[in-house]
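The values are calculated or read from the model by the stated rules, or taken from the named source; none is laboratory data. Remember, predicted model here, so these are calculated numbers, not experimental data. Cβ placement follows ideal geometry from the backbone for every residue including glycine, while neighbour counts extend to all protein chains displayed. Only protein heavy atoms, including side chains, enter the accessible area calculation; ligands, DNA and RNA are left aside. Shrake-Rupley method; radii C 1.70, N 1.55, O 1.52, S 1.80 Å.
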Amino acid sequence: MRRLAWRLTGALVVIAAVILFGRTLHGTVAPSARASRGNILLVTIDTLRADRIGAYGAKRPPTPNLDKLAADGALFEQAVAQAPMTRPSHASILTGLYPFQHGVRDNFAPPLAPAHRTLAEMLKAAGYATGGFVGSFILNTQSGLGRGFDEFDDNFGTGEKNSAFFTDYQRRAADVEAVSGAWLAQAAAAGRPFFAWVHFYDPHSPYAPPPPYSTRYADHPYEGEIAYTDEVLGKLFARLQRLGVLDRTAIVVTADHGESLGEHGEEEHGFFIYEMLVHVPMLVYVPDANPRRVAELRSHIDLAPTILDLESVKQPPPGELDGVSL
């Protein structure tokens, strides 16, 4: 893999802007502009290293649904996260701001301040139905990241608790897909454009994939979690197809950060900002646009302004966001 080239300002990564293009998941079409606002699906997969995805050169585990999205859309080769932790990274994704601007510095930080508008708030103001569905207690309502969602599902009553620590409450990707799918069906039936944020937590430690991945990847459970999550992601895409909205839905898939897996003396993440921690997959599918690979350095903070730009939603005043859209 080509090494990432970035400049550090404090513990933050300085980035450039994002251009988003793609094509349909079910066939090649000529590039064209969408005539009206479409739907938006943002999927964030926790703790997913870019170099564990086939489209980024990985030999294993198999990630056919991520690879298909990459082939049909845009793959950003050198996308970087703003923080190696779940809550601050998601705050940057949803606000277009660096952590030192939005103030969420770790997983125990106070809620995102109301002064910082979220992508959901801006899209809701533009007439979108908004739904958020998270797989980890770290992103629950207390984080402040649920603001702007008509429905924000952070119910962990039937989820899994892997230790005595409250932040370890989580639920399987299949459970998150199920609750988000019910809302997507309602939103599609209503006929309004929708913005859905779906968060899959499974690749996060402790690595414990369900069968058959628990057996198939007994020696590499982290990879088993990735293979399982990719399968569920495919079910989410198939659901959009059945609902008849796939060809009207822009899809963004990224990870909040990567994982050290013992490299540089760190087993997981949260302390350092080496490449395996901040180099994240970033895939964008836009109906009726051609696929491409983008080699230039891009960043999470560009996603919010670019999504707004893509859907012709009024942008915040210049200087309000750290990210920019081309």
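Please verify whether segment 244-263 includes one or more residues that are without any contact (Cβ under 8 Å) to a residue 12 or more places away in the chain and closer than 30 Å to Ala126 by Cβ. No - not one qualifying residue is present in segment 244-263.
What do you reckon, is Glu151 farther than 17 Å from Arg171 by Cβ, acidic (Asp, Glu) and open to solvent by 40 Å² or more (accessible area, probe 1.4 Å)? Against the criterion (farther than 17 Å from Arg171 by Cβ, acidic (Asp, Glu) and open to solvent by 40 Å² or more (accessible area, probe 1.4 Å)), Glu151 does not qualify. With respect to (1) open to solvent by 10 Å² or more (accessible area, probe 1.4 Å); (2) more than 19 Å from the chain's Cα centre (by Cα), the lone exception for Val245 is condition (1). Within segment 229-237, identify whether any single residue is modelled with pLDDT under 95 and surrounded by 23 or more Cβ atoms within 10 Å (Cβ to Cβ), and answer yes or no. There is no residue in segment 229-237 that is modelled with pLDDT under 95 and surrounded by 23 or more Cβ atoms within 10 Å (Cβ to Cβ). All conditions but one from (1) farther than 23 Å from Phe194 by Cα; (2) of a type in the set (A, V, I, L, M); (3) touching a strand residue (DSSP E or B) at 6+ places or on another chain (Cβ under 6 Å) apply to Leu69; the one that does not is (1). The sole residue among Glu231, Glu263 that is among the acidic types (Asp, Glu) and over 18 Å from the mean Cα position of the chain (by Cα) is Glu263. Within segment 107-127, the set of residues being under 18 Å from the mean Cα position of the chain (by Cα) and farther than 21 Å from Ile40 by Cβ comprises just one member, Asn107. Are any residues in segment 114-145 under 10 Å from Trp197 (Cα atoms) and either touching a Gly at 6+ places or on another chain (Cβ under 7 Å) or of a type outside the set (A, V, I, L, M, F, W, C) (or both), and if so, which ones? Within segment 114-145, Ala120, Thr130, Gly131, Gly132 meet the criteria. Just one of the listed residues (Ser325, Ser312) is touching a strand residue (DSSP E or B) at 6+ places or on another chain (Cβ under 9 Å) and either small (Gly, Ala, Ser) or surrounded by fewer than 18 Cβ atoms within 10 Å (Cβ to Cβ) (or both), and it is Ser325. Of the residues making up segment 270-287, those that are of a type outside the set (A, V, I, L, M, F, W, C) and farther than 10 Å from Ser260 by Cα are His279, Pro281, Tyr285, Pro287.
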